Amino acid sequence: MRVNVRLDGRSLTIDDLIAAAAGRAEVTADPAAVALVDERHAQLLEARARGAVYGANTGVGANRHERTDSADEGSHGLRLLRSHCAGAGPVEDDLTARATMVTRLNQILAGGSGISGRVAAALLAALRDGAVPTLHSWGAIGTADLAALAELGLTLAGERPWRSGHGPVTTPAYLATQRSVLLEWTSAVAEAVAKGWSREETIARVDFRDKFGPVDVGQGYMMDHIQTLNAASLWDKFTAKRAPVR
């Protein structure tokens, strides 16, 4: 009997990690964690629209003070992955490669990265499909796991093939569509607050369940929870009293 490993960014154990990587467990994502990923991604988009955000619209490392053109932001992340995809040496075995996928998905579900929920959904679908990426053991000095994660990211983006099995790909155009939906959702809640709608009324009337969203890859069962939590958290944010500047 296969066990269930529910990833939430907090409670993954070594035993669960091995079971999920080896295909002995059914991997799911905690709905609250998925909703948090979407909320934090919306916050990242807002912050990026207001100014510089490291790696989102700037270079990295020595280029951290260099801004990208606003029209170029959609492909900036993809170029960063390409520039860090410098792995070499032995190829990791299937168990290690899939353990990397599980670990990265669990990190994303902690909600601290601001990454798109579409990436989390694609990783989850690939794990369920038994897909294995090609990851190399060696990277450059000082890059730690960046080379391997860049290889994984480019596999999800469709620029590198899955070594075995199959998984979804996350194209820049798809991410741009998701970004527009999240911004539309944010604007709709802001308008609801401006009209004086209550929290409950906003949740009921600002409904994006019929829109394209990050839960379209085997996660439709989460949509009601995400709809409620996203509308409510945005309403809370827009109605919160700002602390006075001292």
(request) Could you run through segment 176-208 and say how many residues are among the hydrophobic types (A, V, I, L, M, F, W, C), more than 21 Å from L45 (Cβ to Cβ) and exposed (fewer than 14 other Cβ atoms within 10 Å of the Cβ)? (result) 1
(message) Any residue at all in segment 68-78 that's modelled with pLDDT under 85, charged (D, E, K, R) and closer than 29 Å to H136 by Cα?
(response) yes
(request) Please enumerate the residues belonging to segment 87-112 that are among the β-branched types (V, I, T) and crowded, with 22+ Cβ neighbours inside 10 Å. (result) V102, I108
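Per-residue answers, yes or no, for (1) under 30 Å from T186 (Cα atoms); (2) in contact with a His (Cβ under 8 Å, 6 or more places away or on another chain); (3) part of a loop (DSSP other than H, G, I, E, B):
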residue: L17; (1), (2), (3): no, no, no
residue: G23; (1), (2), (3): no, no, yes
residue: L80; (1), (2), (3): yes, no, no
residue: G89; (1), (2), (3): no, yes, no
(message) For a quick check of your reading of the model, give me the residue pairs whose first member lies in segment 224-246 and is closer than 20 Å to D30 by Cβ, whose second is at pLDDT below 85, with beta-carbon atoms closer than 7 Å and at least 6 apart or on different chains.
(response) I226/V215; Q227/D207; Q227/F208; Q227/R209; N230/W185
(message) Pull out all pairs, ordered by first then second residue, where Cβ-Cβ is under 7 Å, the residues are six or more apart or on different chains, the first lies in segment 138-166 and is under 17 Å from R118 (Cα atoms) and outside any loop (DSSP other than H, G, I, E, B), and the second is of a type in the set (V, I, T) and at pLDDT 80 or above.
(response) L152/T100; L156/V119
(request) Could you grab me the full set of residues in segment 102-118 that are part of a loop (DSSP other than H, G, I, E, B), farther than 15 Å from S11 by Cβ and among the small types (G, A, S)? (result) G112, S113, G114, S116
(message) Taking the condition of being surrounded by 14 or more Cβ atoms within 10 Å (Cβ to Cβ), among the small types (G, A, S) and out of contact with any Leu (no Cβ under 6 Å at 6 or more places or on another chain), how many residues in segment 37-52 meet it?
(response) 2
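The values are calculated or read from the model by the stated rules, or taken from the named source; none is laboratory data. Computed from a prediction, not measured in an experiment: that's the story for all the values here. Every residue, glycine as well, gets a Cβ built from its backbone with ideal geometry; the counts of neighbours run over all protein chains shown.
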